[in-house]
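To keep things clear, I will list the structure first and then write my remarks on it.
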Amino acid sequence: MFLILFSLFLMSCSSTSKEEKINDFAIIIHGGAGTILKKNMTDEKEAAYKAKLEEAIKVGYNILKNGGTSTEAVLKTIQVMEESPLFNAGKGAVFTNAGTNELDASFMDGKTLNAGAVAGVKDVKSPIELAIKIMTDSEHVMLSGEGASAFAKEKGLEIVDPSYFYTENRYQSLQKIINQEKTQLDHDAKKASFYDPNIKDSKFGTVGCVALDKNGNIAAGTSTGGMTNKRWGRIGDAPIIGSGTYANNNTCGVSSTGWGEYFIRSQVAYDISAQMEYQKKSLKEATKDVIQNKLTKLGGTGGIVALDKNGNMSFEFNTEGMYRASMDEKGKLIIKIYKE
Ligand code: ASP
């Protein structure tokens with residue numbers, strides 16, 4: 001009898017600890033993963049990244065603290081990063097092989113499982129805003145290219161001249177890769193140069209945000225310029241729901257960054273949610289398995305930020321670094337760049 005009661009007591013302890021609400025509201029962001037090494041970073045650059053991550057996350061945190069929605073928090077937080085030339089999203093987007101900037105973004109609402117995404121737009125100032133508009137104001141989930149721009153215009157979103165996205169730094173990164181390609185005649189080497197995360201300056205830099213609001217609603221969003229030197233209208237994982245972004249109030253929200261082709265093949269963001277739903281894994285267990293085990297085995301590089309319905313948060317990446325930050329309900333701020 002005693003043994004039965006004791007084991008019942010143990011079972012209730014383990015289930016409450018897994019289900020325990022850690023934060024009433026919380027927010028987590030990334031500014032891209034890649035070969036981010038301390039030795040390649042100046043103090044000024046490091047300080048600039050940290051300051052911008054802090055500015056961005058505090059915008060979202062204050063929205064949540066004042067009772068705002070997770071959707072609003074994700075939008076406004078990502079917009080701070082889109083407007084900064086530091087990140088490969090919006091203003092700081094990388095260049096395609098043709099010397100243009102083609103932007104992708106996606107958003108998902110964990111309450112309704114509704115979603116919006118945009119791929120390959122060249123003149124919309126805030127792709128994350130457009131992704132949310134596609135979700136709320138159209139019957140579609142994903143729009144692309146000129147059609148997406150026409151929709152943005154119709155909805156009164158800010159349109160900019162494509163030159164708005166020009167940054168010298170990113171342009172030089174493209175020139176470097178193009179020059180390397182010219183000297184690598186062998187086809188395989190050429191392929192490698194397109195993707196090689198070790199090529200300095202071809203670092204990723206996508207931005208993403210996941211937020212949980214006081215009403216228990218999770219929202220997730222991701223915005224990117226894709227990969228330097230992309231061509232043929234290449235689209236990565238960032239606008240793919242289930243790969244770059246996923247949110248479900250019953251499980252978690254996820255935003256990804258990294259080598260997009262692998263994230264699409266692995267369905268990274270949805271797989272994390274599915275492992276929690278079907279295998280009853282914790283957020284930590286699910287994110288670790290998907291990034292460190294499944295994605296790594298396939299040869300993919302990158303990482304995610306995620307948070308669950310109880311306000312647990314997780315950073316997980318298999319690269320040298322990932323620009324990242326989180327804030328819990330008490331306002332405790334964590335900002336990190338490198339692996340520890
Ligand atoms: N995942 C993005 C892409 O493949 C790139 C990145 O996250 O840096 O387009």
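In terms of the Cα gyration tensor, with a ≥ b ≥ c the square roots of its eigenvalues, is the chain rounded because a/c is under 1.5, prolate because a/b exceeds b/c, or oblate? Verdict is prolate for the chain. A simple spin-label model places pseudo-atoms 7 Å from Cα toward Cβ; at Leu298 and Glu46 they are separated by 3.3 nm. Each of Phe315, Gly68, Val210 was scored by the projection of its Cα onto the charge dipole of the chain, and the greatest displacement toward the positive side belongs to Phe315; charges sit on the C-beta of Lys, Arg, Asp and Glu.
Report, ordered by chain and residue number, the lysines lying within cross-link reach of Lys125, taken as a straight Cα distance under 19 Å and ignoring same-chain residues fewer than 8 apart. Once the sequence-local lysines are set aside, what remains near Lys125 is Lys52, Lys76, Lys91, Lys133, Lys153, Lys155. For the chain, the mean residue ellipticity at 222 nm estimated from helices alone is -11500 deg cm²/dmol, where every DSSP H run of n ≥ 4 contributes -39500 (n - 2.57) and the total is divided by all residues, rounded to the nearest 500. Going Cα to Cα from Lys297, which lysines come in below 19 Å? Please leave out same-chain ones fewer than 8 positions away. Cross-link targets: Lys284, Lys288. For the stretch 231-270, the solvent-accessible area with a 1.4 angstrom probe is 32 square angstrom per residue. Per atom type, the chain shows carbon and sulfur on 54% of its accessible surface, probed at 1.4 Å. In this simple spin-label approximation, Thr112 and His140 carry label points 7 Å from Cα along the Cα→Cβ vector, and these lie 1.8 nm apart.
The values are calculated or read from the model by the stated rules, or taken from the named source; none is laboratory data. Just so it is clear, the model here is predicted, and its values are computed rather than measured. Ideal geometry is used to build each Cβ from the backbone, glycine not excepted, and the neighbour counts take in all protein chains shown. In case anyone asks, the SASA skips ligands and DNA or RNA and just uses the protein heavy atoms, side chains included. Shrake-Rupley method; radii C 1.70, N 1.55, O 1.52, S 1.80 Å.
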